[in-house]
Structures are given as C-alpha cells and as structure tokens.
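The values are calculated or read from the model by the stated rules, or taken from the named source; none is laboratory data. Note that the coordinates shown come from a computational prediction; the quantities given were computed from them, not determined experimentally. Heads up, the Cβs are rebuilt from the backbone with ideal geometry, glycines too, and the neighbour counts pull from every protein chain shown. SASA here: full protein model, heavy atoms, side chains in, ligands and nucleic acids out. Shrake-Rupley method; radii C 1.70, N 1.55, O 1.52, S 1.80 Å.
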Amino acid sequence: MIVLGAGAAGLFAAIEAGRRGRRVLVVDHAAKAGEKIRISGGGRCNFTNLGIAADRFLGRNPRFALSALKRFTARDFIARLEGAGIAWHEKTLGQLFCDGAATQVVDWLLRDLAAAGGVLWTGCALGAVTAAGPGFAVETARGVQQTAAVIVATGGKSIPKMGATGFGYRVAESFGLAVTETRPALVPLTFAEQDLAWMRPLAGVAVQGRVSCGKTGFNEAVLFTHRGLSGPAVLQLSSYWREGQEIALDLCPGLDAAAALRAAKARAGKGHLAGALARLVPERVARHLAEGAGVTGPLAEVPGAVLDRLAAGLHDWRLKPVGTEGYRTAEVTLGGVDTDGLDARTMQAKAVAGLYFVGEVVDITGWLGGYNFQWAWSSGWAAGQVA
Ligand SMILES: Cc1cc2nc3c(=O)[nH]c(=O)nc-3n(C[C@H](O)[C@H](O)[C@H](O)COP(=O)(O)OP(=O)(O)OC[C@H]3O[C@@H](n4cnc5c(N)ncnc54)[C@H](O)[C@@H]3O)c2cc1C
C-alpha cells in the first residue's frame, strides 16, 4: 500500500499498517518527514489534549471524528509516547507538550516506521492517482507505483512554504468525492487602518481577555500585533468568524471595570486614570486607553460618566476584522474531504474500495491545543488497522 504524505497522520497510518505485515511505501515531496510536527507547539509539540470531545472539532459533521478518537485515544497516544521514552507535561487547558524538542516525536515515528518495515521516499513529487485494475496507479517522480490501497494524508493548504498543497482535495474530487469549502483557520485576524492605528502602539502586548463572535467566545490570551490581533483566544475564534462579522473584545473578563474605576476615583486623591486602569489591564494598555480618552487631570476630577463609558469599552469593544492572515500563517485548514463520503470506522471512501483519507485533508478541524494532532493520530491509526 502507498501512503501519500509523511506528516502526523500518514506516518501513524503507515506504522500501523506495517505492523500488520503490509508492505508500506510513504511518499512525500518535502525534503523531510513530519515538518509540521517539528515546528508545532513552539517547538515542543502540543501532541494531544485531555479534553477530547465532539464540541472541540469543527466540520460539517464533527461527530464523524468520534469513532476514531474513541478507539485510539489521547491515553493510547500517551502510552506510546512514554514507551518511546519521551517525557511530557500538561501546560494548561489539558494541553500536553513534550518536555524536550518536538523532533523527538518525528525521530520516534521514523524509527517505528522503519521497524514496521515501512519505506519512506522524501523529496519525491506526486502526480495523478488513478484506478488501475483492482487497485491504483500512483505517479511519482520515481515512476508509476501499482498498489492495492492508497491512504491520502497530504494535509491541508496551511503554510504553503512548508509544502502544503491542495493535492488531497484534488485526488478526492478525481474519484468523485465531495470536498467542502476550505478556509484558513487558527489564524490571526487583520483590521482596517483606522483600527490598526489604535492597536499598533500596543504590538507585543498580551491581555488575558475574552473574544467572541455571536455565541462563541474564548477566554485566553489576546495578543496585539502590527497587523491586528493574534494569541490563542483570537486564533480559536478565527475558526468561527466569517467575513463581515463583528467581534467583541473584553479586556478584563470577570472583573467589574465600572465599579473598580469608581472605587479608585473615590480613594484616588491625586492618582491618575492610567494607574486605576492598570489594575484591570496591562500597563501599556492602561496608558494607551487613558491617552485615547483624553483624560489628563487627577482621577478624582474625572466625571463618573466618563469612567462608566471607559469601563463599558473595556468589557465590550466592538471591532470588525477585514480578514485573516490567510494560509501563509494559518495553523490549519477548515473544510476538506466531506465526511459523508467516508466510513468513520476505517476512513475508507464509501464509493472507492482501497482509497482512504486521514488527518487534516478530511473535513475535521480541531481547536487549538493538541486536538488537531490527536485527530491525525486517531484517523491514521483507524485506517492503518484495515488498509
Ligand atoms: C505552526 C504550526 C503549529 C502547529 N502546532 C500544533 C500543535 O501544537 N498541536 C496540534 O494539535 N496541531 C498543531 N498544528 C496543526 C498540525 O500541525 C496539523 O493539524 C497536522 O500536522 C496535520 O497532520 P497531517 O498529517 O494531516 O498533515 P501534515 O502534517 O500537513 O502532513 C502532510 C504531508 O503531506 C505532504 N504533502 C502535501 N502535499 C503534497 C504533494 N502534493 N505531494 C507530496 N506530498 C505532499 C507535506 O509535505 C506533508 O509532509 C500546527 C500547525 C502549524 C502550521
């Protein structure tokens, strides 16, 4: 069998199939396997999350993912990782990271692939995949390969510089499978000049805030950048935000900003507004807000109505993003091979025996925090049991 793509999902599927005694060839056009694993999680690979559940995934039918996720769980992956002697820790929100470099994970998977008898061709371009007799013909830079089964694990379109292509979607469509609309996700949001002019002086500042869009919101860090807003809360929201929608930013969730500012005024004496705001938000933001409000005199002289207006703005700052940074920086791709056309237990195309799709190429996208890798491991594992 041939696995197209040597990322997290492809390597895992290949190892499983190899262990079952299948002859496995993995082909990838990139010079090295597992490049996204290597750079993931800030170089420490946030390899899974302890909170795996359907509501942490997006797609036309997120529940499709549950079969594979329940059969090969986060605990199963942790056991494998520990078996390979890789130390890990929980950071926050159930997110598990390696203690050391993410390259350990890539090295371990490549060792397991070799031990399972799998062959890896990197730096090998792929051409058409076509039905040939009972199996498939796969065009590669090293010649046409004949095979009984193909596992497509070529990922999404995110970060083309790292080798991402829409290849898997084209393979799916060429076999008559539907592909849902794709768009960049887990990606910074960008803003028009008038908003940017306000944000730019704060570039580099992170706030423990809440961003929301309609009923969906995330309480995590919000990072101001030269291009707009990033940070975990904003990346999470980007998977739900659509063009034209407004987002609301709460810079001090859980606090009563109006009460805090009025109390500060009552005991202020000669204190200034920026000082009172700095108890609610980081100092740079406090100074910027005070300057923006045009309030210079002692806090005791600032009218209560002005403080109330500022407090309301702190809790409910409305902004309209103009877009996202796109696939150039998106961590994942939303959309992909329509799950309606796949068997949830095996990842096999319902209408094409022997053709499988695993990982990010499928219309299943996880939240930030290890969910996407767990989907890659679990779906790869599921296909590897049968392909
Ligand atoms: C910067 C960054 C950080 C991330 N951090 C995390 C994290 O900490 N935790 C987490 O859960 N997720 C993280 N993700 C998301 C995660 O990396 C992906 O969800 C995951 O790698 C998907 O695995 P995959 O095997 O499906 O696809 P990929 O890992 O993208 O692998 C696809 C492979 O297919 C190859 N390929 C593509 N097109 C072709 C072609 N035409 N011919 C031949 N080969 C091809 C590629 O070279 C690649 O090796 C991160 C993503 C990015 C970009």
Taking segment 263-290 and keeping only residues that are of a type in the set (D, E, K, R) and closer than 23 Å to Arg210 by Cα, one is left with Arg279, Glu283, Arg284, Arg287
Among residues of segment 19-60 being under 12 Å from Gly366 (Cα atoms) and in contact (Cβ under 8 Å) with a residue 24 or more places away in the chain, the residue most open to solvent (accessible area, probe 1.4 Å) is Arg56
Check: Has segment 110-125 got any residue that is touching a Phe, Trp or Tyr at 6+ places or on another chain (Cβ under 9 Å) and either part of a loop (DSSP other than H, G, I, E, B) or open to solvent by 50 Å² or more (accessible area, probe 1.4 Å) (or both)?
Finding: no
*Got at least one residue in segment 291-298 being out of contact with any Leu (no Cβ under 7 Å at 6 or more places or on another chain), in a strand (DSSP E or B) and modelled with pLDDT under 95?*
yes
Scanning segment 360-373 for residues that are more than 7 Å from the ligand (Cβ to nearest atom) and within 15 Å of Thr165 (Cα to Cα) gives Val362
query = Can Ala9 be described as out of contact with any Lys or Arg (no Cβ under 8 Å at 6 or more places or on another chain) and near the ligand (Cβ under 6 Å from one of its atoms)?
reply = yes
- [ ] Go through the residues of segment 94-104 one by one and say whether even a single one is closer than 28 Å to Phe167 by Cβ and either part of a strand (DSSP E or B) or hydrophobic (A, V, I, L, M, F, W, C) (or both).
- [x] yes
Going through segment 329-359 in order, the residues found to be under 25 Å from Leu113 (Cα atoms), part of a helix (DSSP H, G or I) and either more than 15 Å from the ligand (Cβ to nearest atom) or touching a strand residue (DSSP E or B) at 6+ places or on another chain (Cβ under 6 Å) (or both) are none
The correct count of residues that are acidic (Asp, Glu) and more than 6 Å from the ligand (Cβ to nearest atom) in segment 12-34 is 1
Query - Flag if Arg318 is surrounded by fewer than 21 Cβ atoms within 10 Å (Cβ to Cβ), among the basic types (Lys, Arg) and assigned to a strand (DSSP E or B) - result: yes
Among strands (runs of 3 or more DSSP E) completely within segment 134-253, the ones holding 1 or more residues that are more than 19 Å from Arg328 (Cβ to Cβ) and either open to solvent by less than 10 Å² (accessible area, probe 1.4 Å) or at pLDDT 95 or above (or both) are 135-140, 143-147, 150-152, 206-213, 216-224, 247-250
Taking the criterion of being farther than 23 Å from Ile2 by Cα, among the hydroxyl-bearing types (Ser, Thr, Tyr) and at pLDDT below 95, would at least one residue in segment 94-113 satisfy it? no
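Results for (1) within 23 Å of Cys252 (Cα to Cα); (2) more than 16 Å from the ligand (Cβ to nearest atom); (3) touching a strand residue (DSSP E or B) at 6+ places or on another chain (Cβ under 7 Å), shown as yes or no for each residue.
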{"residue": "Pro134", "(1), (2), (3)": "no, yes, no"}
{"residue": "Gln145", "(1), (2), (3)": "no, no, yes"}
{"residue": "Ala172", "(1), (2), (3)": "no, no, yes"}
{"residue": "Gly217", "(1), (2), (3)": "yes, yes, yes"}
{"residue": "Glu220", "(1), (2), (3)": "yes, no, no"}
